[in-house]
1. For the list (1) free of Cβ contacts under 8 Å to residues at least 40 places away in the same chain; (2) in a loop (DSSP other than H, G, I, E, B); (3) not hydroxyl-bearing (Ser, Thr, Tyr), I need the number of the one condition that Asp86 fails.
2. Please verify whether segment 53-71 includes one or more residues that are touching a helix residue (DSSP H, G or I) at 6+ places or on another chain (Cβ under 7 Å), touching a residue at least 60 places away in the same chain (Cβ under 8 Å), surrounded by 14 or more Cβ atoms within 10 Å (Cβ to Cβ) and over 15 Å from Ser20 (Cβ atoms).
3. Counting just the residues of segment 58-76 that are under 15 Å from Pro42 (Cα atoms) and assigned to a strand (DSSP E or B), which one comes out nearest to the chain's Cα centre (by Cα)?
4. When you look at Gly79, is it in contact (Cβ under 8 Å) with a residue 12 or more places away in the chain, farther than 24 Å from Lys179 by Cβ and assigned to a strand (DSSP E or B), yes or no?
5. Which residues, taken from segment 21-52, are small (Gly, Ala, Ser) and open to solvent by less than 60 Å² (accessible area, probe 1.4 Å)?
6. Based on this model, can you work out whether Tyr148 counts as closer than 30 Å to Glu162 by Cβ and hydroxyl-bearing (Ser, Thr, Tyr)?
7. For a quick check of your reading of the model, give me the residue pairs whose first member lies in segment 128-150 and is farther than 21 Å from Gly107 by Cα, whose second is among the hydrophobic types (A, V, I, L, M, F, W, C), with beta-carbon atoms closer than 6 Å and at least 6 apart or on different chains.
8. Any residue at all in segment 159-172 that's of a type outside the set (D, E, K, R) and over 27 Å from Arg18 (Cβ atoms)?
Amino acid sequence: MPIYARDEDPVWRKFLSRASFGAAIRNLGPGARFDQKREALPLSFAVGSAYHGMAERLKISLDFERPSDRAQALILHAGGELWLKDAAALRLGFDASRDIGPGISLGAGIKSGSVSVDYAFIPMAELGQSHRVALSFRFGKTLADSHYEAGVANLREGRYAEAVLNFDKAMVLHPGDRKIMEKALEAAKLLSSQ
């Protein structure tokens, strides 16, 4: 009589490995003081979650905020970002706390090496539209770049275990980077073939 067995990794476990959760209390303290008068700052509480999928190319976030100075019980904030070929991003956001406009924002970004350009479009009802453009330059090496270069040097020298460790450190700092993942796989294969 044949026996069949199967193991499955539950979907929720896969989801939780790619999700992060957080909570915040904002403006906790005695408040701001000007001259002889102290003004209380608006206290707010927030809880949220973020999900990273599709090899870190997709990011989705959702949080709920409870401000003490607004009539709304909970305010929703949500956003998503999708990277295409690690060079271009599409973004969509929603902010229910906005008093003007629908609360939706659209955006895009491109990056090449140490330069990135980001654009955001925010409709503001009777005030028209808001267009925001940012140009960013990254100077010097990042810590992830340093670990990556050390891993490449380790590969050349035949120190595969050290290469794997350096590539792992680089991936923690820059998750989803295909260049790092490919070198990490190469180092792991060479290590296992020894």
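The values are calculated or read from the model by the stated rules, or taken from the named source; none is laboratory data. Just so you know, these numbers come straight off a predicted model, no measurement behind them. Here the Cβ is made from the backbone with ideal geometry for all residues, glycine too, and neighbour counts use every protein chain on show. Side chains are part of the model used for accessible areas, which takes the heavy atoms of the whole protein and leaves out ligands, DNA and RNA. Shrake-Rupley method; radii C 1.70, N 1.55, O 1.52, S 1.80 Å.
1. All conditions are met except number (1).
2. In the first step, residues of segment 53-71 are kept if they are touching a helix residue (DSSP H, G or I) at 6+ places or on another chain (Cβ under 7 Å); the result is none.
Checking segment 53-71: not a single residue is touching a helix residue (DSSP H, G or I) at 6+ places or on another chain (Cβ under 7 Å), touching a residue at least 60 places away in the same chain (Cβ under 8 Å), surrounded by 14 or more Cβ atoms within 10 Å (Cβ to Cβ) and over 15 Å from Ser20 (Cβ atoms).
3. From segment 58-76, those under 15 Å from Pro42 (Cα atoms) are 65-75; that's our starting set.
Keeping just the survivors that are assigned to a strand (DSSP E or B) gives 65-67, 75.
Details: Glu65: 19, Arg66: 23, Pro67: 24, Ile75: 21 Å.
This residue is Glu65.
4. On the way: in contact (Cβ under 8 Å) with a residue 12 or more places away in the chain: yes; farther than 24 Å from Lys179 by Cβ: yes; assigned to a strand (DSSP E or B): yes.
Judged against the criteria, Gly79 is a match.
5. At the first step, the residues of segment 21-52 found to be small (Gly, Ala, Ser) are 22-24, 29, 31-32, 40, 44, 46, 48-50.
Passing the criteria: Gly22, Ala24, Gly29, Gly31, Ala32, Ser44, Ala46, Gly48, Ser49, Ala50.
6. Details: closer than 30 Å to Glu162 by Cβ: yes; hydroxyl-bearing (Ser, Thr, Tyr): yes.
Yes.
7. What qualifies is Leu143/Leu173; Ala144/Ala170; Ala144/Leu173; His147/Ala170; Tyr148/Ala170; Tyr148/Ile180.
8. First, pick out the residues of segment 159-172 that are of a type outside the set (D, E, K, R): 160-161, 163-167, 170-172.
Those left that are additionally over 27 Å from Arg18 (Cβ atoms): 160-161.
Checked against the condition, which is being of a type outside the set (D, E, K, R) and over 27 Å from Arg18 (Cβ atoms), segment 159-172 yields at least one hit.
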